[in-house]
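S.K.: Can you keep this structure in mind? I'll have questions shortly.
A short reminder: the numbers here are calculations on the coordinates, not readings from a lab. Source: prediction; values computed, not measured. In this analysis, Cβ positions are derived from the backbone assuming ideal geometry, glycine residues included, and neighbour counts consider all displayed protein chains.
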Amino acid sequence: MKQRIADLAGEMISGAFPDAQGLPEDLASLLEVPPDPAMGDYAFPCFKLSKALRMGPPMIAKKLSESVQRPEIARVECVGGYLNFFFNRENFAREMLSAIMKAPEKWGSSEDGKGKTACVEYSSINIAKRFHLGHLSTTVIGNSLKRIYDFQGWKTVSINHLGDWGTQFGKMICAYKRWGDKETVEAGGVDEMTRLYVRFGVEAKQNPALEDEARAWFKKIEDGDEEALEIFHWFKDVTLRDAMKVYDTLDVHFDSYAGESFYNDKMGRIIDELNEKGLLKDSDGAKIVDLEEYGMPPCLILKSDGATLYATRDLAAAVYRKETYHFDTSLYVVAYQQDLHFKQIFKVLELMGYDWAKDQCKHVAFGMVSYEGTAMATRAGHVVLLDELLSRAQEKALAIINEKSPNLQNKEEVARQVGVGAVVYATLQNNRIKDIDFWWDRALNFDGETGPYVQYTFARCCSVLRKAPAITAAPAYSALTDDEAQALLRLLSRFPEAVAEACLRNEPSMVTRATTEIAKAYNKYYYEHRILDEDESAAAARLLLTDAARNVIKTGLYLIGLSAPERM
């Protein structure tokens, strides 16, 4: 509908000012939604036309208003320099519901990304370490972005860039060889590996020679020693087996698990290129790329002992992904503390002659997560393990469901959907750059702007449709001209804009908010109006509106990674 109004505005301008030059091309971007529906459904600001038309905005609005003759527009009003459009409510209801119900599961989708590829790197857990709350944001933001990009027609490649390289793996193997055994590690998983790693730290303080032994084991990994690699890959398998339980619970999947170690044999090319292009400089025995000219500290490529770093591997990964997937955009869903790191990486790639890095590589930053007022701090022991958090969420959701819906048949499954949904929603509710403080009483509230609230609204729509008798009468769209129905219809009509904007800005919270507003509007409509009216034609229209809301809420929940239980 927004584009329709923009096209109409264009026709009005052409009709009223046929000889005008220098007018804005994208009129849709100028349209605004008035803060109060009483001011109109859309407002067209005439200020941007003033210079080209050499006329004051109020005069432009008045002249344009004289040429509106469209069945979908009831009237226009000139307010200052704005031209406010009021829809013909009955026609608007008919048109919107017909458009949505033509393919309800696709409402909000587009082909804007057709023929384009997006690489999305997210989660990126560390091998031999537990999956904790600090990994939640990257995992669910990345998962949502993948779904949003898919929905907008892109081909996506989801990448879990595993933290699987470094001297700590030499320490792990050393500890395993001295104090571990395969059966215990297989049974204990990451917890047992963590225990071995901690023991190494304690023992190494008493026996510093262990550090040399650990370095020797890591050197064996680097050199491709058969035994070292076998143990190393086994550690990865055990870690991923544990992590998969969390990923399955969150319904998160990846196309690639190529982590840091994958690029071990691909960094030589990067270093050679940097040398050939005269970008590498010596700095106290280390190799750097000087970025002072660009207002950044130097990018360290090689340590003084010749060891590579995160930057070296990220440069190799970017080039590999471009040549392998031919991406049109490459997203790095990583906390904002790494902002400088990615600025350096993208600038170095640009200096190497990879012009695509400037516009196609994007750091999707997000804020920190705390738990009920306590910041996450691994060294201080303030860590909330994600599998335990999700289990607790399901237990709390089940307790609430037992109280509210004791006769619900599939309570455990609904509790899983609601509990997990509450955690994910709380993470994606606000702009991703904002810090998050997770509190149970907020996340699991069925009455506020929460995941359970939106899911319950979807279940309410399903309940209304289940209870409705078979109706053969044609919908009477005149029954949907009240303020509450129109408010809901306006939000449904704008859902595609929210999805497109979320994709453009890599901001899943825009979908979260749009879906929540639709849920709120439906609940208001539900309480203010009798859906199953005695007039079958009116009931048919109201059920159609309910069905449209149900479908769009389900889509919105899916795009942010939530399930949509039909009964709660």
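S.K.: Taking H placed 1.01 Å from N in the peptide plane, check which residues at least 5 places from SER370 or on another chain put their amide H under 5 Å from its amide H.
M.R.: Those qualifying (amide H under 5 Å, at least 5 residues apart or on another chain) are ILE436, ASP437, PHE438.
S.K.: Relative to the longest principal Cα axis of the chain, at what angle does helix 182-206 sit, 0 to 90 degrees, rounded to 10?
M.R.: So the inclination is approximately 60 degrees.
S.K.: Straight-line reach only, C-alpha to C-alpha below 12 angstrom: list the aspartates and glutamates that LYS51 could link to, leaving out same-chain residues fewer than 8 apart.
M.R.: Of all the aspartates and glutamates, none pass the test against LYS51 - Cα under 12 Å, at least 8 places apart if same chain.
S.K.: So what J values fall out for segment 391-402 if you push phi through Karplus, 6.51 cos²θ - 1.76 cosθ + 1.60 with θ = phi - 60°, rounded to Hz, Gly and Pro as x?
M.R.: Whole-Hz 3J(HN,Hα) from phi for segment 391-402: 5, 5, 4, 5, 5, 5, 5, 5, 4, 5, 5, 4.
S.K.: About the Cα centre, and with charges only on the beta carbon of Lys, Arg (+1) and Asp, Glu (-1), how big is the dipole of segment 463-550? Nearest 20 debye, please.
M.R.: For segment 463-550, the charge dipole is close to 340 debye.
S.K.: Show me, for segment 531-536, the HN-Hα J-couplings you get by feeding each phi into the Karplus relation (A = 6.51, B = -1.76, C = 1.60, θ = phi - 60°), rounded to Hz, glycine and proline as x.
M.R.: Residue by residue, segment 531-536 yields 5, 8, 6, 5, 7, 4 Hz.
S.K.: Rank HIS363, LEU49, LEU557 by how far each Cα sits towards the positive end of the charge dipole of the chain (+1 on Lys, Arg Cβ; -1 on Asp, Glu Cβ) and give me just the farthest.
M.R.: It is LEU49, whose Cα lies furthest towards the positive end.
S.K.: Segment 280-341: which trypsin sites (Lys or Arg not before Pro) are DSSP loop and have at most 16 other beta-carbon atoms within 10 angstrom?
M.R.: Those satisfying the criteria are LYS303.
S.K.: Amide H of LEU83: which non-local residues (sequence gap of 5 or more, or other chain) have their own amide H closer than 5 Å, using H built in the peptide plane?
M.R.: Close amide H contacts, sequence-distant or interchain: PHE44, CYS46.
S.K.: Then there is this: In segment 526-568, which GluC sites (Glu not before Pro) fall in coil by DSSP and have 12 or fewer other Cβ atoms within 10 Å?
M.R.: When the GluC sites (Glu not before Pro) of segment 526-568 are filtered for loop state and at most 12 Cβ neighbours within 10 Å, GLU534 remain.
S.K.: State, as an integer percentage, the relative contact order of the chain based on alpha-carbon contacts under 8 Å between residues 6 or more apart.
M.R.: 15
S.K.: Take the residue pairs LYS171/LYS236; LYS146/LYS520; LYS219/LYS303; LYS106/LYS411; LYS236/LYS343 and return only those whose Cα atoms are more than 20 Å apart.
M.R.: Checking Cα-Cα distances, LYS146/LYS520; LYS106/LYS411; LYS236/LYS343 exceed 20 Å.
S.K.: Identify the chymotrypsin sites (Phe, Trp or Tyr not before Pro) of segment 420-496 meeting these criteria: DSSP loop state and at most 14 other C-beta atoms within 10 Å of the C-beta.
M.R.: Here the sparse-neighbourhood loop sites are TRP439.
S.K.: Further question: For LYS347, which aspartates and glutamates qualify as cross-link partners when the Cα separation must be under 13 Å and same-chain residues fewer than eight apart are set aside?
M.R.: Cross-link targets: ASP290, GLU292, GLU293, ASP314, ASP339, ASP355, ASP359.
S.K.: What does the extension gain come out to for HIS341 and ARG4, with contour length at 0.36 nm per residue minus their alpha carbon separation?
M.R.: Residue separation times 0.36 nm, minus the Cα-Cα distance, leaves 116.9 nm.
S.K.: Helix 209-223: angle to the longest alpha-carbon principal axis of the chain, degrees 0 to 90, nearest 10?
M.R.: 60
S.K.: Can you list residues whose amide H is under 5 Å from GLY153's amide H, if they're 5+ apart or on another chain and H is modeled 1.01 Å from N?
M.R.: SER110, GLY113
S.K.: Convert each backbone phi in segment 234-245 into a coupling constant with the Karplus relation 6.51 cos²θ - 1.76 cosθ + 1.60 (shift: θ = phi - 60°), then list the ³J(HN,Hα) values in order as whole Hz, x for Gly and Pro.
M.R.: These are the phi-based 3J(HN,Hα) values: 5, 4, 5, 4, 5, 4, 5, 4, 5, 5, 4, 5 Hz.
S.K.: Measure nothing fancy, just the Cα-based angle from helix 89-102's long axis to the longest principal axis of the chain, in degrees from 0 to 90, nearest 10.
M.R.: 40
S.K.: What is the distance in Å between the Cα centres of segment 494-544 and segment 69-137?
M.R.: So the separation of the two Cα centres works out to 12 Å.
S.K.: Viscosity 0.692 mPa s, temperature 37 °C: what is the translational diffusion coefficient of the chain from Stokes-Einstein with a Kirkwood Rh over Cα pairs, rounded to a whole number of µm²/s?
M.R.: D = 121 µm²/s.
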